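Down below is the structure, laid out as structure tokens.
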Amino acid sequence: MPQLAILRYPDPRLHTVARPVTAVDDRIRQLVADMIETMYAAQGVGLAATQVDVHERVIVMDTSEERKAPLVLINPEIVERSAELALAEEGCLSVPQVYDRVERHARVRVHALDREGRPFELDAQGLTAVCVQHEMDHLVGKVFVEYLSAFKRDRIRTKMLKRTRDEQRRA
Ligand code: NI
């Protein structure tokens, strides 16, 4: 199974809106397997298909401590959100080494399909709630830095462009 290349902010492809998966078939299962491998290799807690330049509504997550309980959400939809909000520090594999606080719903209930195409519901709180909202944002083309001030976002953009240039020079 190949690891997939992760798009880095401010790559404009990160702003693509993903389309729903029409059939959970072997192609989607292969994508899911590759995304899980890529997420673990990058030591992330979540990855959206958008980040690997596939614009279909697929996310994988693992917020467990043991890191061997991958959760697959295909066509996820939030069906309930708590009025209560919570502020938590976030990072993103597409914005490496940048962490900042974002306010989100403290709890969400998500309806999705698993990798066999079976529907299920996830009641998420804590890190799982943060992660699922963060990953679902990717599917509508939104990166967490867009919640930060324009000043911070510009600094992050400059830093990421410089890092990518430096890496390309070294390559
Ligand atoms: Ni992310």
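The values are calculated or read from the model by the stated rules, or taken from the named source; none is laboratory data. Source: prediction; values computed, not measured. Don't worry about glycine lacking a Cβ; one is built from the backbone with ideal geometry, like all the others, and counts go over all protein chains shown. Heavy atoms of the whole protein, side chains included, go into the accessibility calculation; ligands, DNA and RNA do not. Shrake-Rupley method; radii C 1.70, N 1.55, O 1.52, S 1.80 Å.
Per-residue answers, yes or no, for (1) open to solvent by 100 Å² or more (accessible area, probe 1.4 Å); (2) in a helix (DSSP H, G or I); (3) more than 13 Å from the ligand (Cβ to nearest atom); (4) touching a helix residue (DSSP H, G or I) at 6+ places or on another chain (Cβ under 7 Å):
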position	(1), (2), (3), (4)
GLU90	no, no, no, yes
VAL102	no, no, no, yes
ARG109	no, no, yes, no
ASP123	yes, no, yes, no
VAL130	no, yes, no, no
MET136	no, yes, no, no
GLY141	no, no, no, yes
ARG155	yes, yes, yes, no
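Does at least one position in segment 66-82 carry a residue that is among the acidic types (Asp, Glu), outside any strand (DSSP E or B) and under 23 Å from LEU148 (Cβ atoms)? No: zero hits.
Note on segment 62-79: residues that are of a type in the set (D, E, K, R) and closer than 17 Å to LEU93 by Cα total 2. For segment 40-83, the candidate set comprises residues that are surrounded by fewer than 14 Cβ atoms within 10 Å (Cβ to Cβ) and in contact with an Asp or Glu (Cβ under 8 Å, 6 or more places away or on another chain); within that set, the residue that is nearest to VAL132 (Cα to Cα) is VAL79. Of all residues in segment 9-31, how many are in a helix (DSSP H, G or I) and either of a type in the set (Lys, Arg) or farther than 17 Å from ARG115 by Cα (or both)? Total meeting the criteria: 6. On the stretch given as segment 1-19, residues that are over 26 Å from ARG163 (Cα atoms) and surrounded by 12 or more Cβ atoms within 10 Å (Cβ to Cβ) total 1.
Could you count how many residues in segment 8-53 are within 13 Å of the ligand (Cβ to nearest atom) and of a type in the set (A, V, I, L, M, F, W, C)? Residues that pass the stated criteria total 9.
Does segment 37-46 include one or more residues that are in a strand (DSSP E or B) and over 17 Å from the mean Cα position of the chain (by Cα)? Taking every residue of segment 37-46 in turn, none turns out to be in a strand (DSSP E or B) and over 17 Å from the mean Cα position of the chain (by Cα). Please verify whether GLY117 is out of contact with any His (no Cβ under 6 Å at 6 or more places or on another chain), part of a strand (DSSP E or B) and surrounded by fewer than 17 Cβ atoms within 10 Å (Cβ to Cβ), treating the condition exactly as stated. No, not satisfied.
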